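Have a look at this one.
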Amino acid sequence: MNDLIQDLQSPVADAGTGFVRVGMPVSRVDGRAKVTGEARYAAEHPAHDLAYGVVVGSTIARGSIAGFRLREALAVPGVVEIITHENRPRMRSFDLFYKDMTAPAGAPFRPLYDGEIHFSGQPVALVVAETFEAARYAASLVAVDYLPQQHETNLMAHLARSHKPKPLKAGFSPPPDERGDAEAALLAAPVRIEAEYYSGVEHHNPLELFASTVIRGEDGHLTIYDKTQSSQNSRWYVSRVFGLGKDKVTVRNPYVGGAFGSGLRPQYQLPLAVMAALQLRRSVRVVLTRQQMFSLGHRPETLQRIKLGADHDGRLRAIVHEAVAETSRYEDYVEVVVNWSGQLYACDNVKLLYRLVALDQSSPMDMRAPGAAHGVHALEVAMDELAWALRLDPLELRLRNYAEQDQMKGLPFSSKALRDCYEQGARRFGWARRPLAPRSMRAGSELVGWGMATGTWDAMQMFARAGAVLHADGRLVVSSAATDIGTGTYTAMCTLAADALGLRLEQVMFQLGDSTLPVAPIEGGSSHVATVGSAVAGVCEKLRKRLFRMARRLDNSPFAKARFDEVEFAGGGLRLRRQPSVAMSVEEVMAAAGEARLEEKYLMLPKVLKQKQYLRATHSAVFCEVRVDEAFGTVRVTRVVSAVAAGRIISAKTARSQVSGAVVWGISQALHEETHADHRLGRFMNHNLAEYHVTVNADVGDIDVIFVDEDDRIVSAIGAKGVGEIGIVGVAAAVCNAIFHATGRRVRSTPMTPEKVMAPEGDVSVSAAL
Amino acid sequence: MSQTIRFLLDGREVQVTGLPPTTTLLDWLREHAGRSGTKEGCAEGDCGACTVVLADAHEGRLRWQAINACIRFLPTVHGKALFTVESLRAADGALHPAQRAMVDCHGSQCGFCTPGFVMSLFGLYQTQAQPDDSALADALSGNLCRCTGYRPILAAGRQMYALPAPQSTHLPPPAWRDDPAAEADLLARLAALDDGAALRIDHPAGHYLAPRSAADFARQYAEAPHATILAGGTDVGLWVTKQLKPLPLLLHTGAVREFAHVGEYQDARGTWLEIGAAVSLEAAFAALLREYPEATELYRRFASRPIRNSGTLCGNVANGSPIGDSMPALIAVGAEVVLRRGEQLRSLPLEALYLDYRKKDLAAGEFVQAVRIPRRPAQPGFVFRAWKIAKRHDQDISAVFAGFALRLEDGIVADARLAYGGMAGIPRRAAGAEAALRGRALDAATVAGARAALANDFQPLSDMRATAGYRLQVAQNLLTRLQLELQGQFPTRIHDEESRRAAV
């Protein structure tokens, strides 16, 4: 193993940072690189023979290409080549070679493979030039003749042809069979509510534009800087699509400017850049525009119907939750939308249904808390509707239906501190002072409302390897092909390793973002810390034991009679727990033993047999205050308290920031985000950051994040569950419920725009759409 | 004439020749200068990842401005001092307080928006000592973050003032240190850049002229009326980065001395503020708010700080978008435009400039040289309101914008000027509603009449931002709100800062 990949520029904490412990609020080790602009992202790696590729996208949503008119574009000075399906280099034809590690069932889109058009904005040509300006200008001159076919992009117009999805996607479980008899129990229930909920298309819109820089070495080796959530997934994809051996391609992603799921699958700029590099035998960079990023995957438009039946005391008798979502014509993108309704509350009669409608769109993609963001939203709004129908406090309704175990499989929870979330969140928020009736609170020209919701997400663990090299000078280099999309992987792993060996944080470097490093999973699903962190803990444990054995064997060793469990690693080395003055630094042990370096490797395999005996999940309780001006329908979210149970918190600062950032995602989902389509053209219309609204600073009030105590050694050896997704789940529902409490109006579609909030009969868009 | 773009980067002179005049500052930094710390996130001034800071000489002192590099053409930084995220760190690696605080407060996650936030904070640090939260939020109004939830960045903005002063030797001290001697070096370097010549760039891709006097500008435009007038470039920049439109001839207002000033103008009718064609929105609003503090929310929500630093009021007015926010307010207070063609000058009430959607009463070769805004009327019964209704607090295009100016005498509406944006193809007054108010007491019955009249005044459109029905209802509700507010029922702050944190 390489001790150190020098040009990866892995960050190290500032000198003087000192000793840290797991759970401490450590400043991120990559902070300096980021605030100085030194951190290089995918589009920022130089090459002396670099050519620039600009993508041309289709203007129709379905049909085929009749031909290209390229003379004008080719005549632009500096243009090197225009690559289309007609002149591209050889690529594999069989669908299977295009399946990346998270591909759903179906035949993946093959960029520039043939002249078929599957969605608007599909790449049809790559213009390559000596300068970016020349490529961009020539791209505007590329003329494409199409043979269009009638497209269908409107989910609401094609609900009738929904189908049962093929469930083959990593991490997906189809809805379980019905338990009890939900419809009969519903009819028998004294209190019932039934409603439909609609959520529009959303796009991830990480701040960084998708980009790949392919640097071609003299020997033809390709080093690719790619915007991805897994260097190894992209490497695997490139190898298979182009038939290039593992040794011919290295993919790197040491810095990723956000992704939120959009980087789970290799995006089309990657094969396009590789194609150009192979064809032209030189280095190539392709950067997508913000507009083009709307032709990547998206959170699918989804229509849901929920029926709840309850006794007068609020006990749930029946839950029916159905969802219909869109997918592409070529893949069955699936996500867990309805299953949460079978797991979050105690109820003996539950029926869950999930179907897809294939449309002429690009395949949807996992987007932060995929499925749960809108699936739990619908459930939690429905629960609020039920609470009002019962004239019961919404929190009390949840407590009366608290699930002590999972009823889908009859399993206990590995840990579930949701009750603590409710209690601590409610106390911090002041929920007890909430008047039951809507329209009870007013401040100036605004109505004030308080709403709450529950959140949940899976606690997952994959397998991973980690390597570690301890040097004689006390430096520790730990590595795994993990990813840090901004979540704090560098910091969490350095903290775990520094704590394990009792080193100063600045003595530890964590290398990630290179496909040649020890295998790590794709960063996604809130599983990275539980997975890679456990691998890091494992490799560090091996180092600790080895170091201890070495120390004990030294002549006149102070540890000669000690057992391993009698020493601790702290203060830069090891010492006796009961007599801390008996200590040796790592450097002293290494020098005395005459070792220049100690190397260990560790394979972390989840304890699947044990894990299968439990339902493993994170939970949250979200409380929210809104102010609504009824004259204009404007909503301000003035306060959010999010209480989260997510296992042991490894890195307090990064974890807290994950949740507060996700709360803003929830506000954004609630009030702002929606991609509008013009179905006549089969195209997204607001494909820029001016018209695709994400929440800005001024839209955000106070956010208070509470981590309740939880430590789950079933989910992971380090006790962590994961915090990436849980923070968004339930936030939009809490906002919706607060708007109801403020105004008495129920808005059943997201985003809850001023117009919908003002509509006298509640929601306009659902009734208009159906 | 000079063909060389000259400016200071970290205080050292840079000369650039041979590039198309529409090369953006961002592309130059990233592709030509090897400074990839400044990021591209949207290429249209929406996300702020490209924020850099300019300094120039203004009234003998340094003036600091955060701007968007992505839509700023490189020739327009001629004669200025440029600072990027790479500029801030001291030679020994010590971070600037804005950087240090961003690390300590965890204001950076994925890091892609971070350089932009750092530069917005640096721009604030250079201009304001101990800003309150509102000023801090304003300084960050042009930056999107998708990771942190913004709170840690606000914390960084507060904390940076508590940290030791920056150590970088090529950074002049912030303006609030009030240390002219320490600014003298950079001011001298800036002065040395200016040889008095006008910048002119001739390139196969297009020409760029930056005349120094109003007479030259007017003559050149009259001679070449097909030229594209470039002021702040906050709209024209997108023609290049988004529409990929060739611009064969650019005529820049920014170097014209006479255009740079906010002056006073007097005639028989009274005294007016005169805002020159190159005056930034930020400077124009500073003058406007002294007369009409009710426009504070308009100022805050008009556009982000970097856009206000680059964009001009005259550009906004001359652009004449039906959803531009300045015009309804200016029309309400009775502003005029000064139009010039060669040596010929004329003035028009602002509302008369707009004929139809994107059609203006401008002859070929004629341009908006200034906007004149009447000083605030002395009478006690003067009432002014400027209200923006949009889906997002900052960086949003209005669904409806209303500018109301009333003169009340003994409770009776003596005069009413009601102007709306977003309700028609042009910003326009509501003649019927005005008539329904005039001569009557401003009570519920009068407002009911005005509301009804408004439905005849406008037939708004439905689009992605709002439906026609919503627009009309909101436009009417704003009249009701005016009445309720004047009755003292409650102050309307559609998004007021103070109540953000107030407990119930």
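The values are calculated or read from the model by the stated rules, or taken from the named source; none is laboratory data. All values derive from a computational prediction rather than experimental measurement. Quick reminder, even Gly has a Cβ in these numbers, built from the backbone with ideal geometry, and neighbours come from all protein chains shown.
Taking A:ALA734 and the conditions (1) closer than 30 Å to A:ARG433 by Cα; (2) in a loop (DSSP other than H, G, I, E, B); (3) away from chain B (no Cβ under 14 Å), which numbered condition does it fall short on, given that it satisfies the others?
(2)
Restricting to segment B:45-95, count the residues that are of a type outside the set (A, V, I, L, M, F, W, C) and closer than 22 Å to B:PRO180 by Cβ.
So the count comes out to 10.
Using beta carbons and a limit of 6 Å, which pairs, at least six apart or on different chains, have the first residue in segment A:231-248 and of a type outside the set (S, T, N, Q) and the second one surrounded by 24 or more Cβ atoms within 10 Å (Cβ to Cβ) and not in a helix (DSSP H, G or I)?
A:ARG235/A:VAL251; A:ARG235/A:SER515; A:TYR237/A:PRO266
Taking segment B:386-419 on its own, how many of its residues are in a strand (DSSP E or B) and either more than 14 Å from chain A (Cβ to nearest Cβ) or of a type in the set (Gly, Ala, Ser) (or both)?
17
Next question. For segment B:37-68, what are the residues that are away from every other protein chain (no Cβ under 14 Å) and touching a Pro at 6+ places or on another chain (Cβ under 7 Å)?
Those that are away from every other protein chain (no Cβ under 14 Å) and touching a Pro at 6+ places or on another chain (Cβ under 7 Å): B:ARG61, B:LEU62, B:ALA66, B:ILE67.
Please indicate, with yes or no, whether at least one residue in segment B:395-402 is in contact with an Asp or Glu (Cβ under 7 Å, 6 or more places away or on another chain), among the small types (Gly, Ala, Ser) and modelled with pLDDT under 95.
For segment B:395-402, residues in contact with an Asp or Glu (Cβ under 7 Å, 6 or more places away or on another chain), among the small types (Gly, Ala, Ser) and modelled with pLDDT under 95: present.
So which of A:GLY661, A:GLY719 is within 25 Å of A:THR489 (Cα to Cα), surrounded by 21 or more Cβ atoms within 10 Å (Cβ to Cβ) and more than 20 Å from the chain's Cα centre (by Cα)?
Only one candidate qualifies: A:GLY719.
Let me ask something else. Just to verify a result, which residue in segment A:257-285, among those that are within 14 Å of chain B (Cβ to nearest Cβ) and not small (Gly, Ala, Ser), is nearest to B:GLY107 (Cα to Cα)?
If we take residues in segment A:257-285 being within 14 Å of chain B (Cβ to nearest Cβ) and not small (Gly, Ala, Ser), then A:PHE260 is nearest to B:GLY107 (Cα to Cα).
Moving to a separate point now. Which ranges mark the strands (runs of 3 or more DSSP E) fully within segment A:63-171 that have 3 or more residues being of a type in the set (Val, Ile, Thr)?
Of the strands (runs of 3 or more DSSP E) lying wholly inside segment A:63-171, those with at least 3 residues that are of a type in the set (Val, Ile, Thr) span A:79-83, A:123-129.
Condition first: in a helix (DSSP H, G or I) and away from chain A (no Cβ under 14 Å). Can you find one or more residues in segment B:106-117 that meet it?
Within segment B:106-117, not a single residue is in a helix (DSSP H, G or I) and away from chain A (no Cβ under 14 Å).
Out of curiosity, is A:ALA733 modelled with pLDDT of 95 or more, touching a helix residue (DSSP H, G or I) at 6+ places or on another chain (Cβ under 9 Å) and either of a type outside the set (S, T, N, Q) or assigned by TED's automatic domain parsing to the domain that holds A:ASP629 (or both)?
yes
Restricting to segment A:621-655, name every residue that is surrounded by fewer than 24 Cβ atoms within 10 Å (Cβ to Cβ), of a type outside the set (A, V, I, L, M), within 20 Å of the chain's Cα centre (by Cα) and at pLDDT below 95.
A:LYS653
In segment B:32-52, is there at least one residue being part of a strand (DSSP E or B) and touching a Ser or Thr at 6+ places or on another chain (Cβ under 9 Å)?
Scanning segment B:32-52, I find at least one residue that is part of a strand (DSSP E or B) and touching a Ser or Thr at 6+ places or on another chain (Cβ under 9 Å), so the answer is yes.
Condition test on A:ALA129, is it modelled with pLDDT under 95 and among the small types (Gly, Ala, Ser)?
Considered against the rule, which asks whether it is modelled with pLDDT under 95 and among the small types (Gly, Ala, Ser), A:ALA129 comes out as no.
Return the pair list, or none, for Cβ contacts closer than 7 Å from residues in segment A:679-704 that are facing chain B (nearest Cβ under 9 Å) to residues that are in a strand (DSSP E or B) and of a type in the set (Asp, Glu), at least 6 apart or on different chains.
What qualifies is A:MET685/A:ASP678.
Let me ask something else about it. Being more than 24 Å from B:LEU251 (Cβ to Cβ), β-branched (Val, Ile, Thr) and over 17 Å from the mean Cα position of the chain (by Cα), is that true of even one residue in segment B:271-287?
Yes, that holds for at least one residue.
So, of the residues in segment A:631-668 that are basic (Lys, Arg) and outside any strand (DSSP E or B), which turns out to be farthest from the other protein chains (Cβ to nearest Cβ)?
Among those residues, the one meeting the criterion is A:ARG648.
Against the definition (more than 26 Å from B:PRO174 (Cα to Cα), touching a His at 6+ places or on another chain (Cβ under 8 Å) and either surrounded by fewer than 23 Cβ atoms within 10 Å (Cβ to Cβ) or away from chain A (no Cβ under 13 Å) (or both)), how does B:GLY34 come out, yes or no?
no
Considering segment A:299-329 alone, what residues qualify as being farther than 19 Å from A:TYR198 by Cβ and touching a Phe, Trp or Tyr at 6+ places or on another chain (Cβ under 8 Å)?
Answer for segment A:299-329, where residues must be farther than 19 Å from A:TYR198 by Cβ and touching a Phe, Trp or Tyr at 6+ places or on another chain (Cβ under 8 Å): A:LEU316, A:ILE319, A:SER328.
Further question: Can you tell me which of (1) under 27 Å from the mean Cα position of the chain (by Cα); (2) at pLDDT below 95 is the one A:ARG136 doesn't meet?
Answer for A:ARG136: the failing condition is (1).
Still on this structure: Can you confirm whether A:SER642 is farther than 30 Å from A:CYS736 by Cβ and in the same structural domain as A:ALA417 (by TED's automatic domain parsing)?
No, not satisfied.
Against the conditions (1) crowded, with 23+ Cβ neighbours inside 10 Å; (2) among the hydrophobic types (A, V, I, L, M, F, W, C); (3) without any contact (Cβ under 8 Å) to a residue 12 or more places away in the chain, where does B:ALA303 fall short? Just the number, please.
(3)
If I filter segment B:235-257 down to residues being part of a loop (DSSP other than H, G, I, E, B) and among the basic types (Lys, Arg), which single residue comes out as nearest to the chain's Cα centre (by Cα)?
Ranking the candidates gives B:LYS242 first.
Tell me, please, whether a residue that is within 13 Å of another protein chain (Cβ to nearest Cβ), over 24 Å from the mean Cα position of the chain (by Cα) and small (Gly, Ala, Ser) can be found in segment A:22-40.
Taking every residue of segment A:22-40 in turn, at least one turns out to be within 13 Å of another protein chain (Cβ to nearest Cβ), over 24 Å from the mean Cα position of the chain (by Cα) and small (Gly, Ala, Ser).
Please enumerate the residues belonging to segment A:62-81 that are within 30 Å of A:ARG680 (Cβ to Cβ) and of a type outside the set (D, E, K, R).
If the condition is that a residue be within 30 Å of A:ARG680 (Cβ to Cβ) and of a type outside the set (D, E, K, R), then A:GLY63, A:SER64, A:ILE65, A:ALA66, A:GLY67, A:PHE68, A:LEU70, A:ALA73 are the ones that fit.
Give just the number: which of (1) over 30 Å from A:ASN233 (Cβ atoms); (2) out of contact with any Lys or Arg (no Cβ under 8 Å at 6 or more places or on another chain); (3) surrounded by 15 or more Cβ atoms within 10 Å (Cβ to Cβ); (4) not assigned by TED's automatic domain parsing to the domain that holds A:ALA75 does A:LEU155 not satisfy?
(1)
Picking from B:LEU82, B:LEU144, which residue would you name as being under 21 Å from the mean Cα position of the chain (by Cα), closer than 21 Å to A:TYR41 by Cα and not in a helix (DSSP H, G or I)?
Within the list B:LEU82, B:LEU144, the selection yields B:LEU144.
Using the structure shown, decide if A:LEU598 is more than 9 Å from chain B (Cβ to nearest Cβ) and either in contact with a strand residue (DSSP E or B) (Cβ under 8 Å, 6 or more places away or on another chain) or within 20 Å of A:ALA369 (Cα to Cα) (or both).
Against the criterion (more than 9 Å from chain B (Cβ to nearest Cβ) and either in contact with a strand residue (DSSP E or B) (Cβ under 8 Å, 6 or more places away or on another chain) or within 20 Å of A:ALA369 (Cα to Cα) (or both)), A:LEU598 qualifies.
Can you name every residue in segment A:525-572 that is on the phi > 0 side of the Ramachandran plot and in contact (Cβ under 8 Å) with a residue 24 or more places away in the chain?
A:GLY525, A:SER526, A:GLY571, A:GLY572
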